[in-house]
Structures are given as C-alpha cells and as structure tokens.
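Q: Attaching a single structure in structure tokens format; questions to follow.
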Amino acid sequence: MHNRRSFMLGAAGSAAALTLAACGGEGAGSGGPDPEADPSDLTVGVAMPTQTYERWVKDGDNIKAGLEDKGYTVDMQYADDDIPTQQQQIDQMITSGVAALLVASIDGASLSAQLDAAASAGIPVIAYDRLLTDSENVDFYVTFDNYEVGVNQANALLYGLGFLDQEFNEAPEAPEGPLNVELFAGSLDDNNAHLFWQGAIDTLQPYFDDGRLVVPSGQMDIEQAATQRWEQETAQTRMENLLTTHYNGGEELDGVLAPADPLSRGIINALQNAGLGPTIEEGLPVVTGQDAEIASIKLIADGVQHSTIFKDTRDLAEQAIVAAEAFLKGEQPEANDTETYDNGVKVVPSYLLEVQMVLAENYEEIMVDSGYYTEEQVESGQL
Ligand code: BGC
C-alpha cells in the first residue's frame, strides 16, 4: 500500500471501508446497456474540458476515431472550461440515451448530479484522465501514473540544475547550492494537480531539507503555487510578480517547477521579458513541463524549455475504448491499480499508463522517431 501515493479529496475517510466488490459496479445502476446490442445502435458520450490545451484536442480526436472505427456513434462535446456548460452537455447526453459516458472533467467534484442521473439510467461512467470525485457513481478510471509525472518533473529539474546525472543518480560534481527555485502547481479542482505536486515535492523535499534548494518567495504550499483552470496567463502573471517582488535585488533564479507546457511557456515569457535567457545556455532558468505539446518540443529543441513529460494520448484513448467496450458487453474492464484513486467516496478501479521524460537529448527519439511528430512540425513548432 503506497500511502504517499493515495490522495483523498474531501474528508470521506470512511471510503477505505468500502470493498472493491461493492463499488466496482456492474456498469452502473439498474438496466444498463444491452450486451447483445450492435455498436451501430449505440452512442458513446464523450465530455471534454477545453480545446485550449492541445492534448485534449488530440485525446478527443483519438477517442472519436477509435470508437467510430468500431462502429459506435460518438457524441463528443468540449465545454470551454466552463463548469455549467459541461454539466449541461452531460445532462443532454444522458437524456439523448448514450450507452456509456467518457468524462474528462473541468472540476472533478462538480458533476455529482450528472453522475447520479447516469447511474439511474444504467449508463456506465468512465473518468478520463481526471478523477471524478465525491461520487460513488464512477465505474472506472483511465489515466497515467500521475504521481510519477510529478516525480519525473522534479527529477528533470534536479537534472537540469546539475544535482542528478543522466541516470538520475547524485551527480559527482553536484553544486553545493543553495540554488533558487520557484514552484507552480495546476488547478486545485483537478485531482491530478495534487498528485503531480505530491510526486514533485516528495522528490524535492530532501533538497529543501538540507538547504541545497531554496524557494526565495517562500511560496511552498500548493494553494500558493496553484494555477486556477491551468491558465497560461495566470502563470505568466504570477511569475512576473515573483520576479518583481523577490528577485529585484540581483538574486538569481535557477529553476522553475512548472506542471504543464502552456504554463511553462507563460513562465518562460515572463522570464525572457525580464531579460533572462533567451536560452538556458544564456542563463534562462531551467523550466519543466508536461504534455509534450509541439510548441514546447520546439522550445526544448531550441534549448529554451528544459523538459516536458510525454503522455501518449493515443494509448489513453485506446484504453478508454477498451474499458467502454467491456462495460457495453456487460463485462468489467481490467484494472491495474485498485488502491491509489480514492475519490472521497470510494476507490475507483483504475488503469494507469506510464509516462516518459523528454529532454533536449532524447526528444528526437521519443517524439520524432516514434512517429508522434514529424521533424517539420518540431522545426515550426506547429501541428
Ligand atoms: C492533465 C494534464 C494537463 C492538465 C491541464 C491535467 O488533468 O493530466 O495532462 O496538462 O490537466 O489541462
């Protein structure tokens, strides 16, 4: 049991008492999809948060294409990061009789009424990448190893600062420090943000403890570091404020923990606007990332952004479809984690995928040789 890895939103400590058998679900509620139904008679509802992050667009495209390939009809809706819009979209999907729901929430705790309605209608619900919290009516969860994302982000930062070598062991010529870093987190209503943070902080803590790393702003709580709705501009403004308030006397900033590529780019804008860089070699602080967005892969190739985390959304979409199909055939999808994702009411059986750290020295291999991006896309920074 990895205690440090389980994160519980809310206060429902009693969740541990529920057994998986009791909450694994049979699909959900009464009725449920007819296991004999032909895919061409079934519609799958797909609720997506926003198109402003490249990854959600790719996720959506992959899910839609994959389901349609199998003969299903897809009702996919993006909610513009607006909670009432997402609630309405899901209400509508339920009313129109979808056979299953895949939901990437905006605020994981805001959809309880929709999840209740889905359960009453016998519609199985799969949480897609983001955990749906505070509800027992979540049947399955497909995601990446989110704690590992944070560990990888912190290791990338430590590597970029020279504390770790290429194998991520203590570097023989590691700096004595103290080196200065600032920390950014994602949106507090996204359970993932907490796991990314936890993984990163657990990894960085020994360096804070022995003084090799210092956070000059003192902003070391997730609440202080959070970026509401994962908005790039919010991160950029916070970075600007940190620079004016805490680095105006010649203090050097060495690195920034950034949890997602659009935030990394906002932070890099702020740093460059303040005259740092423009490349790492020329003094830009080491900035981490996540999602391997094309614009950030270009920045990594150009020596500007230090790292990102690649999460192959093709695999996640595929896994979501496998899970949806299992429910539609009256079966239970296979979980590979039944401990970590306590949503405040129950532990949601989950399927976790692995993640990869991307740096200047391996982006070619991971992002281009694998066929994910072409060399031209990396050069232009556009899809
Ligand atoms: C996802 C990240 C993404 C972030 C912002 C998180 O829930 O796991 O991949 O960068 O949301 O959209």
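The values are calculated or read from the model by the stated rules, or taken from the named source; none is laboratory data. Note that the structure is predicted; figures quoted are calculated from it, not measured. Virtual Cβ from ideal backbone geometry, glycine too; neighbours counted across all protein chains shown.
Q: Specify which of the listed residues (Ala127, Ala104, Ala113, Ala100) is over 22 Å from the mean Cα position of the chain (by Cα), among the small types (Gly, Ala, Ser) and surrounded by 24 or more Cβ atoms within 10 Å (Cβ to Cβ). Give the steps one after another, and end with the answer.
A: Values: Ala127 fails: over 22 Å from the mean Cα position of the chain (by Cα); Ala104 fails: over 22 Å from the mean Cα position of the chain (by Cα); Ala113 fails: surrounded by 24 or more Cβ atoms within 10 Å (Cβ to Cβ).
Criteria check complete, one pass: Ala100.
Q: Please verify whether Leu179 is more than 12 Å from the ligand (Cβ to nearest atom), farther than 27 Å from Asp129 by Cα and surrounded by fewer than 23 Cβ atoms within 10 Å (Cβ to Cβ), treating the condition exactly as stated. Please lay out each step first, then the result.
A: Numbers: more than 12 Å from the ligand (Cβ to nearest atom): yes; farther than 27 Å from Asp129 by Cα: yes; surrounded by fewer than 23 Cβ atoms within 10 Å (Cβ to Cβ): yes.
For Leu179, the condition - more than 12 Å from the ligand (Cβ to nearest atom), farther than 27 Å from Asp129 by Cα and surrounded by fewer than 23 Cβ atoms within 10 Å (Cβ to Cβ) - is met.
Q: Let me ask something else about it. I'd like the full set of residues that are within 20 Å of Lys58 (Cα to Cα) and part of a loop (DSSP other than H, G, I, E, B), limited to the range 283-315.
A: Matches in the range 283-315: Gly289, Gln290, Asp291, Ala292, Glu293, Lys311, Asp312.
Q: Among the candidates Pro285, Pro259, which residue alone is under 19 Å from the mean Cα position of the chain (by Cα) and either over 17 Å from Leu359 (Cβ atoms) or not hydroxyl-bearing (Ser, Thr, Tyr) (or both)?
A: Working: Pro285 fails: under 19 Å from the mean Cα position of the chain (by Cα).
After applying the criteria, what remains is Pro259.
Q: In the range 138-162, which residues are within 30 Å of Glu325 (Cβ to Cβ) and touching a strand residue (DSSP E or B) at 6+ places or on another chain (Cβ under 7 Å)?
A: First pass over the range 138-162, keeping only residues within 30 Å of Glu325 (Cβ to Cβ): 138-149.
Scanning the range 138-162 gives Val138, Asp139, Phe140, Tyr141, Val142, Thr143, Phe144, Asp145, Val149.
Q: Suppose the filter is within 17 Å of the chain's Cα centre (by Cα) and not in a helix (DSSP H, G or I); does Asp81 pass it?
A: yes
Q: Which one of these does Ser217 not meet: (1) of a type outside the set (A, V, I, L, M); (2) part of a helix (DSSP H, G or I); (3) on the phi < 0 side of the Ramachandran plot?
A: Answer for Ser217: the failing condition is (2).
Q: Follow-up. Within the range 367-383, count every residue that is touching a residue at least 60 places away in the same chain (Cβ under 8 Å), aliphatic (A, V, I, L, M) and not in a loop (DSSP other than H, G, I, E, B).
A: Here the count works out to 2.
Q: So which residues in the range 83-102 are within 16 Å of the ligand (Cβ to nearest atom) and touching a helix residue (DSSP H, G or I) at 6+ places or on another chain (Cβ under 7 Å), if there are any at all?
A: Leu102 - this is the single residue of the range 83-102 that is within 16 Å of the ligand (Cβ to nearest atom) and touching a helix residue (DSSP H, G or I) at 6+ places or on another chain (Cβ under 7 Å).
Q: Something else now. Restricting to the range 302-338, and then to whatever is of a type in the set (Lys, Arg) and farther than 18 Å from Pro124 by Cα, can you tell me which residue is modelled with the highest pLDDT?
A: Restricting attention to the range 302-338, the residues satisfying the condition of being of a type in the set (Lys, Arg) are 311, 314, 329.
So of that shortlist, the ones also farther than 18 Å from Pro124 by Cα come out as 311, 314.
Details: Lys311: 98, Arg314: 95.
Only one residue tops the list, namely Lys311.
Q: Please count how many residues of the range 46-62 are within 15 Å of the ligand (Cβ to nearest atom), surrounded by 17 or more Cβ atoms within 10 Å (Cβ to Cβ) and β-branched (Val, Ile, Thr).
A: Total satisfying the criteria: 1.
Q: On the given criteria, is Arg212 in contact (Cβ under 8 Å) with a residue 40 or more places away in the chain and over 13 Å from the mean Cα position of the chain (by Cα)? Break it down into steps so the answer makes sense when it comes.
A: Values: in contact (Cβ under 8 Å) with a residue 40 or more places away in the chain: yes; over 13 Å from the mean Cα position of the chain (by Cα): yes.
Yes; evaluated as a whole, the condition is true for this residue.
Q: Is it true that Leu132 is under 30 Å from Gly330 (Cβ atoms), in contact (Cβ under 8 Å) with a residue 24 or more places away in the chain and not aromatic (Phe, Trp, Tyr)? It would help to see each step written out before you state the result.
A: Numbers: under 30 Å from Gly330 (Cβ atoms): yes; in contact (Cβ under 8 Å) with a residue 24 or more places away in the chain: yes; not aromatic (Phe, Trp, Tyr): yes.
It is true that Leu132 is under 30 Å from Gly330 (Cβ atoms), in contact (Cβ under 8 Å) with a residue 24 or more places away in the chain and not aromatic (Phe, Trp, Tyr).
Q: Could you tell me which of the residues Ala323, Ala235, Ala260 is within 16 Å of the ligand (Cβ to nearest atom), buried (at least 17 other Cβ atoms within 10 Å of the Cβ) and in contact (Cβ under 8 Å) with a residue 60 or more places away in the chain? Walk me through it before giving the result.
A: Working: Ala323 fails: within 16 Å of the ligand (Cβ to nearest atom); Ala235 fails: in contact (Cβ under 8 Å) with a residue 60 or more places away in the chain.
From the options Ala323, Ala235, Ala260, the qualifying one is Ala260.
Q: Among the numbered criteria (1) more than 16 Å from the ligand (Cβ to nearest atom); (2) part of a loop (DSSP other than H, G, I, E, B); (3) within 23 Å of the chain's Cα centre (by Cα); (4) without any contact (Cβ under 8 Å) to a residue 60 or more places away in the chain, which one does Gly162 miss?
A: Tallying (1) more than 16 Å from the ligand (Cβ to nearest atom); (2) part of a loop (DSSP other than H, G, I, E, B); (3) within 23 Å of the chain's Cα centre (by Cα); (4) without any contact (Cβ under 8 Å) to a residue 60 or more places away in the chain, Gly162 fails exactly one: (3).
Q: Any chance the range 184-194 includes a residue that's outside any loop (DSSP other than H, G, I, E, B), under 18 Å from Val286 (Cβ atoms) and in contact (Cβ under 8 Å) with a residue 24 or more places away in the chain?
A: Checking the range 184-194: not a single residue is outside any loop (DSSP other than H, G, I, E, B), under 18 Å from Val286 (Cβ atoms) and in contact (Cβ under 8 Å) with a residue 24 or more places away in the chain.
Q: Please determine whether any residue of the range 221-240 is at pLDDT 95 or above and in contact with a His (Cβ under 8 Å, 6 or more places away or on another chain). Spell out how you get there, then give the answer.
A: Initial filter on the range 221-240 (at pLDDT 95 or above): 221-240.
With in contact with a His (Cβ under 8 Å, 6 or more places away or on another chain) added as a condition, the list becomes 222.
Within the range 221-240 (the criterion being at pLDDT 95 or above and in contact with a His (Cβ under 8 Å, 6 or more places away or on another chain)), the answer is yes, since at least one residue qualifies.
Q: Moving to a separate point now. Which of (1) surrounded by fewer than 21 Cβ atoms within 10 Å (Cβ to Cβ); (2) in a helix (DSSP H, G or I); (3) of a type in the set (D, E, K, R) is the odd one out, the single condition Glu252 does not satisfy?
A: (2)
Q: Next up: Out of Asn155, Asn137, Asn191, which single residue is buried (at least 23 other Cβ atoms within 10 Å of the Cβ), within 24 Å of Pro259 (Cβ to Cβ) and at pLDDT 95 or above?
A: On the way: Asn155 fails: buried (at least 23 other Cβ atoms within 10 Å of the Cβ); Asn137 fails: within 24 Å of Pro259 (Cβ to Cβ).
On inspection, the qualifying residue turns out to be Asn191.
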